[in-house]
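The values are calculated or read from the model by the stated rules, or taken from the named source; none is laboratory data. Because the structure is a prediction, the values reported are computed rather than measured. So basically every Cβ, Gly included, is an ideal-geometry build from the backbone, and we count neighbours across all protein chains shown. Heavy atoms of the whole protein, side chains included, go into the accessibility calculation; ligands, DNA and RNA do not. Shrake-Rupley method; radii C 1.70, N 1.55, O 1.52, S 1.80 Å.
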Amino acid sequence: KAGVTQTPRYLIKTRGQQVTLSCSPISGHRSVSWYQQTPGQGLQFLFEYFSETQRNKGNFPGRFSGRQFSNSRSEMNVSTLELGDSALYLCASSTGTLHETQYFGPGTRLLVL
Amino acid sequence: QKEVEQNSGPLSVPEGAIASLNCTYSDRVSQSFFWYRQYSGKSPELIMSIYSNGDKEDGRFTAQLNKASQYVSLLIRDSQPSDSATYLCAVKGHMGAGKSTFGDGTTLTVKP
């Protein structure tokens, strides 16, 4: 099976812009979760989508949003970028049950200037 | 108090030694526990998962879970330089299957 793919792999944006990141999960996986990883905060949960519905949400401002399509692919959008949004954004896919492992994609490294 | 805490590290062991990584969690209803390895510049990859109290072995890796003490550990036997990485403890609980809470990670260096 192909793994989790994320595009783009690298992005440079300036403050105030918006950005959209994409994630394609492993075939058959209906759950896609997004995480932000920074040196200071570690891996922080953003949100999870399951069967096109947001099932879980972390403690991030409303500038961070997402959606999931019928083929389970997911997008994450960040509006009005801030310098502090510079991070590695990881998506993880799973079947969506409690004991199941989340498999991570390679990540999108976002730099906000 | 952080929800998931790991030994602060960094941890350095000689090649062939046993590396011991520890993790405690605060949510008593946590159900699933995972150890991920992350090499610098890469994404986390699963090493072990454990759901029941006791030990679970997979090759050179052993995960140990004690729900009463809210403690999970990872032992790496016969450590190799290629094991040098950051090890992340992740916990899933009542918030749902799609949310894992991660510790800050312990950086392990295995010296030849």
Next on the checklist: Eigenvalues of the Cα gyration tensor times 5, then square-rooted: what semi-axes does that give for the stretch B:1-41, in whole angstrom, largest first?
Outcome noted: 24, 12, 11
Checklist entry - To the nearest 20 debye, what charge dipole does chain A have about its Cα centre, counting +1 at the Cβ of each Lys and Arg and -1 at the Cβ of each Asp and Glu? => result 160
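Just the ratio, please: alpha-carbon radius of gyration of chain B over 2.2 N^0.38 Å, N its number of residues.
On the way: Rg = 13.4 Å, N = 112, 2.2 N^0.38 = 13.2 Å.
After normalising by residue count via 2.2 N^0.38 Å, the value is 1.01.
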Next on the checklist: When a/c reaches 1.5 or more, the comparison of a/b and b/c decides; with that in mind, is the stretch A:27-66 rounded, prolate or oblate per its Cα gyration tensor?
Outcome noted: oblate
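At most 14 other C-beta atoms within 10 Å and a DSSP loop state: those are the exposed GluC sites (Glu not before Pro) I care about. Give me the longest piece of chain A that has none.
On the way: sites that count: A:Glu52, A:Glu82.
Value returned for the longest uninterrupted segment is A:1-51.
What is the sum of charges, Lys and Arg at +1 and Asp and Glu at -1, for the other residues whose Cβ falls under 12 Å from the Cβ of A:Ser65?
Values: positive: A:Lys57, A:Arg63, A:Arg67; negative: A:Glu75.
Value of the local net charge: +2.
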Checklist entry - If the protein assembly as shown were replaced by its equivalent ellipsoid, with semi-axes equal to the square roots of 5 times the Cα gyration tensor eigenvalues, what would those be, largest first, whole Å? => result 29, 20, 16
Next on the checklist: For B:Lys2, give me every one of the lysines with a C-alpha distance below 18 angstrom, ignoring sequence neighbours fewer than eight places off in its own chain.
Outcome noted: B:Lys67, B:Lys92, B:Lys99
Checklist entry - Name the residues of the stretch A:71-108 whose accessible area, probed at 1.4 Å, falls by at least 30 Å² once all protein chains are in place instead of their chain on its own? => result A:Leu98, A:His99, A:Thr101, A:Gln102, A:Phe104
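How big is the B-A contact in terms of buried accessible area, both chains counted, 1.4 Å probe, rounded to the nearest 100 Å²?
Numbers: alone 6020 and 6200 Å², together 10510 Å².
Accessible area lost upon association: around 1700 Å².
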Item to check | Loop-located chymotrypsin sites (Phe, Trp or Tyr not before Pro) in the stretch B:16-109 whose Cβ has at most 16 other Cβ within 10 Å (DSSP) | outcome: B:Tyr39, B:Tyr51
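Just tell me the longest site-free run in chain B, where the sites are trypsin sites (Lys or Arg not before Pro) in a DSSP loop having at most 15 other beta-carbon atoms within 10 Å.
On the way: sites that count: B:Lys2, B:Arg28, B:Lys42, B:Arg60, B:Arg77.
Free of exposed loop sites, the longest segment is B:78-112.
Send over a whole-number figure in Å² for the accessible area per residue of the protein assembly as shown, probe 1.4 Å. Could the numbers behind the result be given before it?
Numbers: 10510 Å² over 225 residues.
That works out to 47 Å² for each residue.
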Checklist entry - Under a point-charge model restricted to the Cβ atoms of Lys and Arg (+1) and Asp and Glu (-1), what is the dipole moment magnitude of the protein assembly as shown relative to its Cα centre, in debye to the nearest 20? => result 500
Checklist outcome for this item: In the stretch B:37-95, taking the dipole from +1 charges on Lys and Arg beta carbons and -1 charges on Asp and Glu beta carbons about the Cα centre, the listed residue (B:Leu65, B:Ala90, B:Gly41) farthest towards the positive end is B:Ala90
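Around A:Gln54, with a cut-off of 10 angstrom between Cβ atoms, what is the net charge of the other residues, counting Lys and Arg +1 and Asp and Glu -1?
Details: positive: A:Arg55, A:Lys57, A:Arg67; negative: A:Glu48, A:Glu52.
Here the count lands on +1.
Considering Cα pairs under 8 angstrom that are at least six residues apart, work out the relative contact order of chain B and quote it in whole percent.
Numbers: 277 pairs, mean separation 42.0, N = 112.
In percent, rounded to a whole number, it is 37.
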Item to check | D (Stokes-Einstein, µm²/s), Kirkwood Cα radius, chain A, 1.002 mPa s at 20 °C | outcome: 154
Checklist entry - So what are the three principal axis dimensions of the stretch A:1-46 from its Cα atoms, in whole Å, longest to shortest? => result 37, 21, 14
Checklist outcome for this item: For the stretch B:45-94, the convex hull over Cα atoms projects on average to an area in nm² of 4.0
